[in-house]
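Taking it in order: structure first as structure tokens, then the write-up.
The values are calculated or read from the model by the stated rules, or taken from the named source; none is laboratory data. None of the values given here were measured: they were computed from a predicted structure. Neighbour counts are summed over all protein chains in view; Cβ atoms, including those assigned to glycine, are modelled from backbone coordinates with ideal geometry. Protein only, heavy atoms only, side chains kept; ligands, DNA and RNA dropped before computing areas. Shrake-Rupley method; radii C 1.70, N 1.55, O 1.52, S 1.80 Å.
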Amino acid sequence: MLSLTGVHTHIGQYHILQGVDLVLPHGELTVLLGRNGAGKTTTLRTIMGLWHASRGALVFDGSDITQTATADIACAGIAYVPENMGIFSDLTVHENLVLAARDGEPDKARLEWIFGFFPALKKFWNQAAGTLSGGQKQMLAIARAIVEPRKLLLVDEPTKGLAPAIIQSLITAFRELKAMETTILLVEQNFNFVRSLGDSVAVMDDGRIVHVGPMAELSENLDLQQKLLGLSLDTHQ
Amino acid sequence: MTTTATSALADSELPRLRLDVAPLLLLPILALLALPLVGSFPTWVTLTIAGLAMGMMIFIMASGLTLVFGLMDVLNFGHGAFVSVGAFTATLVLLPMQGWMQADSVLLNLSALGLAIALAVLVTGALGWAFERVIIIPVYGQHLKQILITMGGMIVAEQMIHVIWGPDQIPLPLPASFRGVLLFGDVAVEKYRLLAVAVGLIVFAAMFLVLNRTKVGLLIRAGVENSEMVEALGYRIRRLFVGVFVAGSALAGLGGVLWGLYREMLTAAMGSDLMVPVFIVIIIGGLGSVGGCFIGAMLVALVANYAGFLAPKIALVSNILLMVSILLWRPQGLFPVAKR
Amino acid sequence: MMLSRMFSGDFPRSRFLALMLLVAFAGLTLAPFLFPGARALNVAATICVFIVLVASYDLLLGYTGIVSFAHTMFYGIGAYGVGLSLYSVGPTWGAVFMGLTIALILSLVLALVIGLFSLRVKAIFYAMITLAVASAFAVLASQLSDFTGGEDGRTFGVPEVLRPGFRLIDAEVFGTAINGKLITYYLVFFSALALFLLLLRVVNSPFGRVLQAIRENDFRAEALGYRTVVYRTLANCLSAVTATLAGALMALWLRYTGPQTTLSLTIMMDILLIVVIGGMGTLYGAAIGSALFILAQNYLQALMRQASEGLAAVPVLANLFHPDRWLLWLGVLFVLSVYYFPSGIVGKLRGRK
Ligand SMILES: Nc1ncnc2c1ncn2[C@@H]1O[C@H](COP(=O)(O)OP(=O)(O)OP(=O)(O)O)[C@@H](O)[C@H]1O
Ligand SMILES: [Mg+2]
């Protein structure tokens, strides 16, 4: 579905991504792990075209998107939930979703499906998004990404600040999205959350992918966990 | 991007956004405070309406500027050029059509005025489009160069006005039916000021509707807050930006026509002279906020009119004092725009 | 060695540029003898004052990356301070120094207040605020006409030695009378030279280098432990004080002060044009730019008049070359230089070597 080959990204004079190779197979959920500052967010932003790769190639769905503008990448079928959620606080929940749906009102049935996971959105439908709580904003950010079916979903640390109950519905949501053959790239620090969800795992460090493998392997192999995630697992639990 | 810090801040600040009425109350409070100082009720009404009329015109000119800044972080120091060009373009219609202008018929007067405004808006809109292509694009994202280059653009535009229309001031008489005053008992109100207030209210209402009820409006407001996310949702922010820039230039042109008629005299420098109150207005309102710009324009104009009556010597300095006191109260302006 | 200390180790670094500077320097030094005539001497003195005025602005714009529109305000404060003091107290040196002291204090306080108030925010904010304050100040100066003389300004007497009627020696030197006008010229010239060298020293000091670091990346400079607000405010104050001194020199030279000669926004635009066309971030640019600009302002317009008269048959073209339209061409040159050679004339010359 999406492949990154030897991607380098510079931000100003800083060389952040130093040759990222990553393949996201169709319909699978890939988890991207790594310690703080490893370059996970930068990877997602490079995919979205918010930073442009200075070297290497990104191919999505058969076409090269290395130099494509962000808006066109989005229209090609990639949805993005940024780390800071990027909700429009001056707009209502409804208006946020209208913009995300791109053409016209969001589909009714799909909305009901989303309300199933995130009932708060229904409750605050006509309220300015800025007045939502942090967790509710996160729900809105995710809802915006899935309000229309997209081919690929990029999600940056969705569990930040969410209550366990909501995390549970998030897991359900991702399961159902997978069932609809949506390809997902999920950046996460909370290993327990992604343990049951992920098909495969990529681990980043210092702007490179240092490990790729099936989730089952990492999930069972404690030594490998220790080696790859080591302290970062303890500090983030 | 600084992420966590700003979003944490936003959490505590944003919920007040919609319910923030304190700035709205400033206007009536100011007007009421001025009443005993002015002393006479009819004078007070005249001053207040004069202030509102002036405020409406400044708002029309400033609104585009503040939106462009909010959306793309571009501040056009040459915005005043559109004001002058708009006013001078209007003379192309108004001077040959003096027959209609001086006819004793509101309809003919308004038609001539309408035609002039239409032409001015078209020309300044087109000019804005060209200005954006030639002047702004190359310096996008570089504030220092932006200031310099847009200043340079304004110098060139002003000089071109001299080249085309000659070096002299051009007198622009008001249409017959908008000259003079209306009397309501003791209260005298200049007719043209009422017209200016009406046009200003129409523009404000139209902008309000577009920004709140249309998708383009939603996109503009979303873009002011977080243009990257608008892109990531699949919209080309550039097109939006060009549209807003053109609309803002056209509004400046409209403001120029209104202002020119108000002063009944056109000078090429009228636009750059107006930049000072315009900047004060958008600073007071909060850079990027249209509502703030409206309130700011009214405040500035009312204060200028009251001060002009009470203490003429400090009339222009009064704006600075107003700005300083507002900024001491709210350092980001009346309606701070939430930014990423 | 001597030379190196005088130039603070910052040499022109281009043969042609050095030659131009040398010509300008020699021309200004010997102006009263080389170019007799009131007009020529007036041009020379204006160039001297503008070199200081523009160089002090370059300290802000070119070296610190701050756009201010209040520079003519400080210039005006200097001119009005000296002028009004001489006008009301009488033509004594005491009045000159009193006026200058008051002006310097006022400038310093204003620069400090404006700086602390708005330099923490974006460059754009500062530009807008200074524009507003400066225009309010100009209006104030013309409104308080009992005190300032309003639009007409004030004409005043200067201390005896500076008056045209004063003769230092009775004989003429190379056909030029050694009178008060000449003495005033050299007062202006040497003060300007001293101020210019002082500014050169400042920008090449560690302080100047911190300013440049802030201009390049204020975030980083802050991270390195420099309080950017403090440095910016200091640069602002220094620049304001120098502009005030330039204004005082201008007042002494003209024996007149008024809104058009010191406070107007037109002069602010001129300064901006000179800095950018001459070359931002190099004081030599200010010197070359001022000399060329003032010369052009005084002599090029005659050329344009001829062109315009030659084209009289073609109305719009004739207008394009009308002498009053020379700002148009400068504006175009200005826009082009911001795009294509942001380092101005000096940058071009240095690039060529
Ligand atoms: N705008 C920027 N300018 C300069 N450097 C940046 C910028 N954004 C990110 N970086 C640097 O890039 C590196 C990678 O950042 P990135 O945000 O991709 O990390 P991350 O893996 O998402 O970390 P986290 O788990 O904390 O979210 C960091 O060292 C960071 O300092
Ligand atoms: Mg991250």
Requested in this report: Would you confirm whether any residue within the range C:121-131 is more than 14 Å from chain B (Cβ to nearest Cβ) and in contact with a helix residue (DSSP H, G or I) (Cβ under 6 Å, 6 or more places away or on another chain)?
Outcome: no
Query raised in the report: Looking at (1) within 16 Å of ligand 2 (Cβ to nearest atom); (2) more than 17 Å from the chain's Cα centre (by Cα), can you tell me which one A:K160 breaks?
Result: (2)
Query raised in the report: When you go through (1) within 18 Å of B:Y262 (Cα to Cα); (2) open to solvent by 10 Å² or more (accessible area, probe 1.4 Å) one by one for B:A120, which number turns out not to apply?
Result: (2)
Query - Subset of the range A:204-221 [open to solvent by 70 Å² or more (accessible area, probe 1.4 Å) and either at pLDDT below 85 or not assigned by TED's automatic domain parsing to the domain that holds A:L186 (or both)] - result: A:E217, A:E220
Query raised in the report: If a residue has to be away from ligand 2 (no atom under 16 Å from the Cβ) and crowded, with 22+ Cβ neighbours inside 10 Å to count, how many in the range A:185-200 make the cut?
Result: 1
Query raised in the report: For the range A:5-15, how many residues meet the condition of being open to solvent by less than 50 Å² (accessible area, probe 1.4 Å), more than 15 Å from ligand 2 (Cβ to nearest atom) and either under 16 Å from the mean Cα position of the chain (by Cα) or within 14 Å of another protein chain (Cβ to nearest Cβ) (or both)?
Result: 0
Report task. Specify the residue that is most open to solvent (accessible area, probe 1.4 Å); the eligible residues are those in the range A:132-157 that are more than 16 Å from ligand 2 (Cβ to nearest atom) and more than 18 Å from A:L99 (Cβ to Cβ). Result -> A:K151
Requested in this report: Can you give me the ranges of the helices (runs of 4 or more DSSP H) entirely in the range C:1-89 with at least 1 residues that are within 14 Å of chain B (Cβ to nearest Cβ)?
Outcome: C:38-64, C:71-89
Report task. Test B:P171 against the criterion of being away from chain C (no Cβ under 14 Å), surrounded by fewer than 16 Cβ atoms within 10 Å (Cβ to Cβ) and under 30 Å from B:I49 (Cβ atoms), and give yes or no. Result -> yes
Report task. Filter the range B:139-156 for residues that are more than 13 Å from C:V67 (Cβ to Cβ) and either among the hydroxyl-bearing types (S, T, Y) or within 7 Å of chain C (Cβ to nearest Cβ) (or both) and give the result. Result -> B:Y140, B:G153, B:I155, B:V156
Requested in this report: Would you check if there is a residue in the range B:131-138 being touching a Pro at 6+ places or on another chain (Cβ under 6 Å) and within 14 Å of chain C (Cβ to nearest Cβ)?
Outcome: no
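For (1) under 20 Å from A:A145 (Cβ atoms); (2) at the interface with chain A (Cβ under 7 Å from one of its Cβ atoms), each residue gets a yes or a no:
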| residue | (1), (2) |
| --- | --- |
| B:F208 | no, no |
| B:N212 | no, no |
| B:L218 | yes, yes |
| B:S227 | yes, no |
| B:G234 | yes, yes |
| B:I237 | yes, no |
| B:L240 | no, no |
| B:A252 | no, no |
Query - Boolean, A:Q18 is within 14 Å of another protein chain (Cβ to nearest Cβ), open to solvent by 30 Å² or more (accessible area, probe 1.4 Å) and more than 16 Å from ligand 2 (Cβ to nearest atom) - result: no
Report task. Would you please list the contacts, defined by Cβ atoms under 6 Å and residues six or more apart or on different chains, that run from a residue in the range A:119-137 that is facing chain B (nearest Cβ under 9 Å) to a residue that is part of a loop (DSSP other than H, G, I, E, B) and hydroxyl-bearing (S, T, Y)? Result -> A:A129/A:S89; A:G130/A:S89
Query raised in the report: Of the residues B:T124, B:T89, B:T66, which is within 13 Å of another protein chain (Cβ to nearest Cβ) and either β-branched (V, I, T) or over 27 Å from A:D90 (Cβ atoms) (or both)?
Result: B:T66
**Report entry** Residue match in the range C:96-118 (condition: part of a loop (DSSP other than H, G, I, E, B), open to solvent by 30 Å² or more (accessible area, probe 1.4 Å) and in contact (Cβ under 8 Å) with a residue 60 or more places away in the chain)
**Finding:** no
Report summary line: Taking the range B:127-176 and keeping residues in a loop (DSSP other than H, G, I, E, B) and either hydrophobic (A, V, I, L, M, F, W, C) or under 17 Å from B:V83 (Cβ atoms) (or both) leaves B:Q169, B:L172, B:L174
Query raised in the report: What is the number of the single condition among (1) at pLDDT 95 or above; (2) open to solvent by 30 Å² or more (accessible area, probe 1.4 Å) that B:G253 does not meet?
Result: (2)
Report task. Kindly state which helices (runs of 4 or more DSSP H) lie completely within the range A:36-103 and contain at least 1 residues that are touching a Ser or Thr at 6+ places or on another chain (Cβ under 6 Å) and within 15 Å of ligand 1 (Cβ to nearest atom). Result -> A:40-48
Query - Hits in the range A:26-47 - residues which are away from ligand 2 (no atom under 13 Å from the Cβ) and within 12 Å of chain B (Cβ to nearest Cβ) - result: A:I47
Query raised in the report: of a type in the set (G, A, S), open to solvent by less than 50 Å² (accessible area, probe 1.4 Å), more than 11 Å from chain B (Cβ to nearest Cβ) and under 16 Å from the mean Cα position of the chain (by Cα) - does that describe any residue in the range A:90-101?
Result: no
Report summary line: Taking the range B:282-317 and keeping residues under 14 Å from the mean Cα position of the chain (by Cα), within 11 Å of chain C (Cβ to nearest Cβ) and assigned to a helix (DSSP H, G or I) leaves B:I282, B:I283, B:I284, B:V300
Query raised in the report: Given the conditions (1) in contact (Cβ under 8 Å) with a residue 24 or more places away in the chain; (2) in a helix (DSSP H, G or I), which single one is not true for C:G281?
Result: (2)
